[in-house]
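Derivation of every value follows stated rules applied to the coordinates shown; laboratory data play no part. All of these numbers come straight from a predicted model, not from anything done at the bench. Here the Cβ is made from the backbone with ideal geometry for all residues, glycine too, and neighbour counts use every protein chain on show.
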Amino acid sequence: MRIVIAHRTRIPVTTYGGTERIMWWLGKELARRGHDVTYLVDQGSSCPFATILDFNSNKPIDSQIPAETDIVHLFFQPKEALEKPYLVTNQGNVPDGDKIEPLDQNTVFVSQNHAERHQGQCFVYNGIDLEDYGSPQLEVERSYFHFLAKASWKAKNLNDAIKIAHHAGQQIQVVGGNRLTSKISLIDKLNPRIKFHGMIGGQKKNEILNHSKGLIFPVLWHEPFGIALIESLYFGCPVFGTPYGSLPEIIINENVGVLSNSQRELSESLLSHKFSSKDCQNHVIENFTHQTMVNRYLELYERVIAGEQLNELQPSALGTLNENFSGLEI
């Protein structure tokens with residue numbers, strides 16, 4: 001199959017880049033299985049396993065798609081319909097509002113909750129390439145918890161993550177923010193129990209996760225998926241988070257984490273619950289690898305090529321994104 005994967009971005013990425021890494025892992029596995037993969041991406045991109053075409057935002061998408069293409073996989077909503085069969089992966093939340101245009105009928109969401117909140121039915125869970133994470137040492141000594149997200153983004157809720165760790169008397173290491181950009185108090189910025197690592201990736205991030213007791217993830221929005229969850233679980237880290245968005249689909253039982261909107265409950269669970277690092281890791285291996293993701297997308301490619309629509313109607317925002325997420329209960 002000749003597949004074009006398109007997005008207005010540059011690949012590869014060296015730090016976080018959630019969508020970019022999903023695109024990369026998707027194309028890598030498709031190429032490994034013998035498919036002909038082309039990336040239509042920003043100038044300056046490179047890739048050893050696929051052809052690179054420079055995306056020109058001033059030209060119609062159709063004019064940039066090779067004639068022999070079987071299907072186009074977009075990671076952004078197109079402004080015009082394409083002649084070639086195509087689908088669109090939506091990794092984010094569409095803001096509520098009367099002026100929001102409906103999404104493409106062949107939009108794929110990244111969790112069941114994500115789809116339902118946009119009045120859609122089709123979803124594919126993101127999956128990670130385990131090769132990028134080496135061989136986690138599940139029996140290594142662990143001495144702190146971690147926070148993994150863009151720390152300056154209020155919805156990711158670093159403030160409550162710090163409080164949860166503080167009330168349990170635990171150190172927290174922040175991956176995805178630094179003292180200057182993190183929107184927390186001056187007292188917290190000077191707290192010796194908090195260590196900031198900024199935006200990092202690769203082996204340095206892997207090493208931090210490999211020595212962590214767990215991920216503190218008290219998000220204050222409907223998380224569409226959360227790659228940080230499955231990365232942490234793969235390193236044997238249970239997740240302590242809020243029950244919003246996709247989290248109940250990923251943290252399915254108390255063997256892999258605790259979900260609550262109470263600071264106290266989450267803080268107490270850091271110390272009181274017993275988790276199996278192997279159960280956490282196996283949960284990812286069984287459900288959230290890039291091979292599993294590709295299996296599902298190949299099914300959707302065949303359906304779209306056959307002329308099917310992936311959702312019953314055009315999805316659109318349901319009006320639940322701006323619910324009252326003022327903070328956690330004490």
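Taking other residues whose beta carbon is less than 14 angstrom from the beta carbon of residue 301, and scoring Lys, Arg as +1 and Asp, Glu as -1, yields -1. Between 257, 214, 17, the residue with the greatest mean-square fluctuation in the GNM of the chain (Cα pairs under 10 Å linked by springs) is 17. Remark: for residue pairs 154/204; 28/205; 28/84; 28/163, the C-alpha separation exceeds 31 Å in 28/163.
Backbone amide hydrogens, once placed in the peptide plane, bring residue 6 within less than 5 Å of 40, 73, 74, 75, excluding anything fewer than 5 places away on its chain. Projecting the Cα atoms of 255, 230, 214 onto the dipole axis of segment 190-265, where Lys and Arg carry +1 and Asp and Glu carry -1 at the beta carbon, places 214 farthest toward the positive end.
A DSSP coil position with no more than 13 other Cβ atoms inside 10 Å describes the following trypsin sites (Lys or Arg not before Pro) in segment 58-138: 79, 99. Our note on the geometry: Cα centres of segment 62-92 and segment 22-50, 15 Å apart. Close amide H pairs (under 5 Å, H built 1.01 Å from N) link residue 129 with 290, residues at least 5 positions away or on another chain. Residues whose amide H lies under 5 Å from that of residue 193, counting only those 5 or more places away or on a different chain, are absent; hydrogens are built 1.01 Å from N in the peptide plane. Modelled spin labels at residue 10 and residue 302, positioned 7 Å past Cα toward Cβ, are 3.9 nm from each other. Around residue 256, with a cut-off of 11 angstrom between Cβ atoms, what is the net charge of the other residues, counting Lys and Arg +1 and Asp and Glu -1? Within the 11 Å Cβ shell, the charges total -1. Phi angles across segment 49-60 convert, under the Karplus curve 6.51 cos²θ - 1.76 cosθ + 1.60 with θ = phi - 60°, into 3J(HN,Hα) values of 10, 8, 7, 10, 10, 7, 6, 10, 5, 8, 10, x Hz, Gly and Pro given as x. Quick one: net charge of residue 312's neighbours, Cβ under 15 Å, K/R +1, D/E -1? So the surrounding residues net to -2. For segment 268-283, putting each phi into the Karplus relation 6.51 cos²θ - 1.76 cosθ + 1.60 with θ = phi - 60° gives couplings of 5, 5, 4, 10, 8, 8, 9, 10, 9, 4, 5, 4, 4, 5, 4, 4 Hz, in residue order, rounded to whole numbers and with x for Gly and Pro.
Around the Cα centre of the chain, unit charges on the Cβ atoms of Lys, Arg, Asp and Glu (plus for the first two, minus for the last two) sum to a dipole of about 1280 debye. In summary, the aspartates and glutamates within cross-link reach of residue 278, defined as a Cα separation below 14 angstrom excluding same-chain residues under 8 places away, comprise 139, 231, 254, 286.
Put a dot 7 Å past the Cα of residue 282, heading toward its Cβ, do the same for residue 203, and the two dots end up 3.1 nm apart. Over all distinct Cα-Cα pairs of the chain, the Kirkwood formula returns a hydrodynamic radius of 20.7 Å.
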